[in-house]
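The values are calculated or read from the model by the stated rules, or taken from the named source; none is laboratory data. The structure presented is a predicted model; accordingly, all values stated were derived computationally and were not measured. Positions of Cβ are generated from backbone atoms using ideal geometry, with glycine treated the same way; all protein chains shown enter the neighbour counts.
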2 protein chains.
Amino acid sequence: MSQTYIKSYFSHEEKILVAVDCIIFGFDEGELKLLLMKKQIGSQIGKWSLIGSFVKENEDLDEGAKRVLKESTGLDDVFMDQLYCYGDVDRVFGDRVLSITYYALIRLCNHNLESVKEHGAEWVTFHDRPELIFDHNDMVERAIEKIRSKARNHAHGFELLPEKFTIPQVQHFFEEIYQEKFDKRNFRKKILSQGFLIKLDEKDKEGSKKGAFLYSFDKLKFKEFKNRKMIF
Amino acid sequence: MSQTYIKSYFSHEEKILVAVDCIIFGFDEGELKLLLMKKQIGSQIGKWSLIGSFVKENEDLDEGAKRVLKESTGLDDVFMDQLYCYGDVDRVFGDRVLSITYYALIRLCNHNLESVKEHGAEWVTFHDRPELIFDHNDMVERAIEKIRSKARNHAHGFELLPEKFTIPQVQHFFEEIYQEKFDKRNFRKKILSQGFLIKLDEKDKEGSKKGAFLYSFDKLKFKEFKNRKMIF
DNA sequence: CCAAAAGTGTTATCGCTACACCCATGA
DNA sequence: TCATGGGTGTAGCGATAACACTTTTGG
């Protein structure tokens with residue numbers, strides 16, 4: 001009863017179409033990738049767009065984002081964070097649609113690339129990505145900035161590397177995120193000075209003839225590092 | 001014609017109630033304040049809440065936030081930024097309501113305190129704020145963190161001071177934002193080292209018997225300062 | 001033997017932290 | 001004259017940026 005009673009309070013208010021759009025970056029030793037698809041329906045048919053669709057009335061926003069990503073690409077177990085809510089009346093043609101954006105950066109080899117292809121989605125090289133529909137370009141800009149700031153401030157990104165990895169691999173990762181080159185001496189010094197990488201006795205000989213020492217990631221030390229808050 | 005045609009694409013999708021909630025901080029030499037009001041209707045009647053209401057189908061989200069703030073408090077010319085979209089199905093009782101939050105920090109003396117009171121809203125001391133309804137406490141936490149990070153990284157906050165101000169005033173401002181004390185020598189050094197404060201020949205004798213030198217804010221120098229990006 | 005990538009050290013500068021005393025004045 | 005808040009300096013440390021050569025080894 002009280003349920004029905006309460007519901008009546010807002011019955012005269014206007015409802016709005018709500019969508020989620022997912023900005024998914026992928027990385028795997030090589031170049032940074034971005035997950036896109038070509039519009040199958042609507043006024044923008046054939047143009048490139050992010051992965052997105054409408055949110056149901058009875059699902060949490062976060063759930064909606066997961067569902068849409070899964071339905072459109074088959075991707076599962078992707079931990080997305082909310083980015084921004086795009087809400088101008090005329091942001092898309094024809095209808096008033098609110099879009100809440102979610103973003104993530106995943107390790108490609110942990111996910112099913114086949115199913116993405118079967119669903120008609122594509123991993124494109126971030127650096128050479130095509131123009132996108134509506135305000136989706138803006139969404140991508142905002143998302144990459146968030147990723148960068150996360151990588152900078154919280155040293156995120158080690159989840160993106162194999163269990164054992166080399167310093168040049170880490171550097172390559174950061175260079176892809178920033179689309180910029182760094183000095184390897186300074187980079188090595190900085191990364192090692194944080195104190196959460198453990199040098200192993202093995203070498204990885206994939207990347208070069210000489211071979212590079214492998215390191216592993218000390219989660220405990222990393223937590224200590226993160227908790228030092230950097231105050232004014 | 002094409003308008004009608006396009007509109008039909010999404011006609012079967014579910015629409016959702018969308019609200020905005022405004023987290024408005026106020027400052028004016030004294031203590032940091034937060035703008036609240038007591039619920040006049042609904043299941044939470046009489047409890048403290050942020051300023052919020054529903055978004056119309058034909059208004060931009062940003063416009064909606066401005067309108068709601070104006071209607072509920074009479075406040076005008078408040079430049080709010082978007083904070084986060086709260087979207088769990090059961091975040092409020094009875095109805096499914098999406099809430100997009102907006103936040104701002106304003107200088108109290110630039111705004112009409114009377115009209116706020118007449119509208120039934122209140123400025124409460126941030127440090128002693130009451131419990132709020134629903135997820136509004138969470139919203140406030142998130143907002144103050146954003147304000148802090150803005151003040152830290154972009155030296156925002158000089159808009160909040162008079163044209164001419166003293167160093168102790170600036171320090172007081174930061175101490176209110178962080179709810180924490182700082183060493184005055186280090187604070188002074190840091191703030192002055194940025195190079196965008198100009199020392200004047202006048203003293204302000206309000207705050208103390210000795211009087212403190214007044215400074216003004218060099219917008220040009222500040223822009224240079226902001227543009228230096230702090231890369232990895 | 002050589003191309004290609006890994007690895008290494010120093011210097012100068014800068015910003016941060018911690019810390020204790022004198023100054024000017026109005027009441 | 002004294003209580004109040006304004007104002008100052010330094011030493012040590014850690015982080016940053018710029019910079020060039022040696023090592024290893026598979027082909």
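Does the stretch A:37-67 hold any residues that are assigned to a helix (DSSP H, G or I) and more than 9 Å from every other protein chain (Cβ to nearest Cβ), and which are they? Lay out the reasoning, then the answer.
As a first pass, look at the stretch A:37-67 and keep what is assigned to a helix (DSSP H, G or I): A:61-67.
Passing the criteria: A:Ala65, A:Lys66, A:Arg67.
One residue alone among A:Val78, A:Val97, A:Val68, A:Val92 is crowded, with 19+ Cβ neighbours inside 10 Å and modelled with pLDDT under 95, and that residue is A:Val92.
A:Ile133 - would you say it is in contact (Cβ under 8 Å) with a residue 40 or more places away in the chain, among the hydrophobic types (A, V, I, L, M, F, W, C), under 30 Å from A:Ile51 (Cα atoms) and surrounded by 15 or more Cβ atoms within 10 Å (Cβ to Cβ)? It is true that A:Ile133 is in contact (Cβ under 8 Å) with a residue 40 or more places away in the chain, among the hydrophobic types (A, V, I, L, M, F, W, C), under 30 Å from A:Ile51 (Cα atoms) and surrounded by 15 or more Cβ atoms within 10 Å (Cβ to Cβ).
Taking the stretch B:146-170 as the range and being touching a helix residue (DSSP H, G or I) at 6+ places or on another chain (Cβ under 7 Å) and within 19 Å of B:Cys109 (Cα to Cα) as the test, the residues that pass are B:His156, B:Gly157, B:Leu160, B:Leu161, B:Val170. Please pick out the residue among A:Lys219, A:Lys205 that is outside the structural domain of A:Gln44 (by TED's automatic domain parsing), within 30 Å of B:Lys150 (Cα to Cα) and not aromatic (Phe, Trp, Tyr). Being outside the structural domain of A:Gln44 (by TED's automatic domain parsing), within 30 Å of B:Lys150 (Cα to Cα) and not aromatic (Phe, Trp, Tyr) holds for just one of A:Lys219, A:Lys205, which is A:Lys219. Within the stretch B:187-206, the set of residues being within 6 Å of DNA strand D (Cβ to nearest atom) and exposed (fewer than 14 other Cβ atoms within 10 Å of the Cβ) is empty. With a requirement of 1 or more residues that are within 14 Å of another protein chain (Cβ to nearest Cβ), in contact with a strand residue (DSSP E or B) (Cβ under 7 Å, 6 or more places away or on another chain) and not acidic (Asp, Glu), the helices (runs of 4 or more DSSP H) lying completely within the stretch A:79-180 that satisfy it span A:136-154, A:167-178. If the condition is being more than 10 Å from DNA strand C (Cβ to nearest atom), touching a residue at least 12 places away in the same chain (Cβ under 8 Å) and closer than 19 Å to A:Asn153 by Cβ, then the stretch A:176-217 contributes A:Glu176, A:Ile177, A:Tyr178, A:Gln179, A:Ile191, A:Gln194, A:Gly195, A:Phe196, A:Leu197, A:Phe217. For the stretch A:175-186, the set of residues classified as of a type outside the set (D, E, K, R) and more than 9 Å from DNA strand D (Cβ to nearest atom) consists of A:Ile177, A:Tyr178, A:Gln179, listed by residue number.
Restricting attention to the stretch B:12-36, the residues being surrounded by fewer than 18 Cβ atoms within 10 Å (Cβ to Cβ), more than 15 Å from the chain's Cα centre (by Cα) and either more than 9 Å from chain A (Cβ to nearest Cβ) or hydrophobic (A, V, I, L, M, F, W, C) (or both) number 3.
Return the residues of the stretch B:103-141 that are among the basic types (Lys, Arg) and over 21 Å from B:Phe173 (Cα atoms); say none if nothing qualifies. Full working, then the answer.
To start, the set of residues in the stretch B:103-141 that are among the basic types (Lys, Arg) comprises B:107, B:117, B:129.
If the condition is that a residue be among the basic types (Lys, Arg) and over 21 Å from B:Phe173 (Cα atoms), then B:Lys117 is the only one that fits.
When B:Lys70 is tested against (1) assigned to a helix (DSSP H, G or I); (2) facing another protein chain (nearest Cβ under 9 Å), just one condition goes unmet, and that condition is (2).
Within the stretch A:165-178, not a single residue is loosely packed, with under 12 Cβ neighbours inside 10 Å and among the acidic types (Asp, Glu).
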